[in-house]
Every structure is written in structure tokens, then in C-alpha cells.
Amino acid sequence: MGRAFEYRKARKLKRWGNMSRTFTRIGKEITIAAKAGGPDPDMNPRLRVLMQNAKAANMPKDTVERAIKKATDKDAGDYKEIVYEGYGPHGIAIVVETATDNNQRTVANVRSYFNKHGGSLGTQGSLSFLFDHKSVFHIKPAESLDPEEFELELMDFEAELEQDEEEWLIYGAFEQFANLQKFLEEKGVEIVSAEFERIPTDYKEVTPEQREAIEKLLDKFEDDEDVQNVFHNMKEDE
């Protein structure tokens, strides 16, 4: 198992460490999915997989139900998903994914975080070449699955398999998310969770002092309730 995998896993666990923030993030995703495709998970594949994510994060059932109900609440805020890109201190590329009901507030906050920590907010799409946008599925290994045969089948979806003792990870093209989900469900594979990842095409090395400055900026993003995910190309700490 590669260092990049271990780093992504550690970063996800750190992000999920704050349970209330995790529930807020997943809740927004559920509300957005229910609003777009309806509140019935049997008829809404995206909602179905997000409910699996909620289960994996130990999110209470009533919290999930409230998030679904919010999609039909006329008084609830209408979340928009907006992506911001910029450079942090020491030239580290950062992509910030948000879900917000007040874009002016969110962009003002994001810009201020960059500015106060020696970075700068760029234009949308300006850093897309530095990251591969991937669909990532975490699945339960099954004895009925032959890894080699399974890998060959995944190639039809531009996807690769990474094996771990506890779970298998499938990395596919961003555009193949729905097709991959359908394939896995039809195959009877248990999906533990699924998300979109922006994986750096190359990692930038930094000194311990530089890392500390960059982490302060990343923490500001992570603490903002409008922020769903933060991706960067700083090389993981050895």
C-alpha cells in the first residue's frame, strides 16, 4: 500500500475526527442530492451512496432523515456547490470545495484565509491541471471476487483497484461515478462509502517550518462550516 494512500487515509480520518463537522458536511451533501434527485434512495443512486457514507461515519438515522427532509423545506437555504482554487504559502496549490447558501459570505471568508496566511485566491479552473479528479469507492473485500478478474472489469470504467486487508479502494474517472456505482451494486458488492477526490499529479516538498504555516491555513478552511473538502499538493509528512 503506497504512501499516497496512507496519507489520504490519515487526512480523511483527521477530517472525520470532528464528528459534528463530519455530520454537517455529509448532511449538506444529502440535502443537495435529495433536492436534485428526489428523497427516495431507491430511485436516487447518489443519495443511496451518501446514506452509506453517513452510516460509515456513524451518523444518527434521525440526522440523515432531517437532511433529506430539508431538501423539500421551502424555508431552508438552497445550497450551491462552489469550488475555489488558489495558492497557499510557499506555492502550495489548494482546492477548496464548498456548499453554501450565501456565496458572498463564503468567497469573502475563503479570500481572507488565503490573504491572511500568505496565499492568494485564483480563478476557477486555474489549478485543475495539478489534480486528477477521481471517483473513489471503498468496498468490502468478498471471497466471491477474484481480484484479477475484477480489475479487468474495472478497466471498462477507467478504474483501478487498490487492495487493503480491511477494504478495497476503487479509483475511477470522475465522470464514471454513476456507472461505477451501478456496476458495483449490480455485482452485489458492498459499498462502504464513496466520494470524489482531487489527487495531485505531483507533490511539492516543504520544510517543517513551511508545513506548519501551510497547516494553519488548511485548518482555517477545515473549520469553516461552508467548506466540504480541501485538497492540496503538499507532500505528506514522512
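Using a cut-off of 32 Å between Cα atoms, the listed pairs Lys69/Lys140; Lys55/Lys187; Lys61/Lys216; Lys28/Lys116; Lys55/Lys204; Lys35/Lys182 include Lys61/Lys216; Lys55/Lys204 as exceeding that distance.
For the stretch 89-238, the per residue solvent-accessible surface stands at 53 Å², with DNA, RNA and ligands left out and a 1.4 Å probe.
For the set Phe183, Phe174, solvent exposure ranked by accessible area (probe 1.4 Å, protein chains only) runs largest to smallest as Phe174, Phe183. In the frame of its principal axes, the chain has Cα extents of 51, 46, 29 Å, reported largest first.
With protein chains left intact and a 1.4 Å probe, residues in the stretch 15-54 average 44 Å² of accessible area per residue.
The value of relative contact order for the chain, using C-alpha pairs under 8 Å at least six residues apart, is 23 percent. Near the amide H of Lys235, within less than 5 Å, lie the amide hydrogens of Lys204, Glu205, Val206, all on another chain or at least 5 residues away, with H placed in the peptide plane. The apolar share of the surface of the stretch 19-169, taken as the fraction of accessible area on carbon and sulfur atoms (1.4 Å probe, ligands and nucleic acids excluded), comes to 49 percent. For the stretch 54-64, putting each phi into the Karplus relation 6.51 cos²θ - 1.76 cosθ + 1.60 with θ = phi - 60° gives couplings of 4, 5, 5, 8, 6, 6, x, 4, 5, 5, 5 Hz, in residue order, rounded to whole numbers and with x for Gly and Pro. A convex hull fitted around the alpha carbon atoms of the stretch 18-96 yields 120 Å³ per residue.
Selection among His138, Ser126, Pro41 by position relative to the dipole of the chain gives Ser126 as farthest towards the positive end (Cβ unit charges, Cα centre).
Computed per residue of the chain from DSSP H runs no shorter than four, each worth -39500 (n - 2.57), the mean residue ellipticity at 222 nm is -13500 deg cm²/dmol.
When the P(r) is computed for the stretch 79-121, the part past 14 Å accounts for 44% of the Cα-Cα pairs.
The values are calculated or read from the model by the stated rules, or taken from the named source; none is laboratory data. Just so it is clear, the model here is predicted, and its values are computed rather than measured. Because the Cβ atoms are built from the backbone with ideal geometry, glycine has one as well, and the counts that use them run over all protein chains shown. Keep in mind that these areas ignore ligands, DNA and RNA; they rest on the heavy atoms of the full protein, side chains included. Shrake-Rupley method; radii C 1.70, N 1.55, O 1.52, S 1.80 Å.
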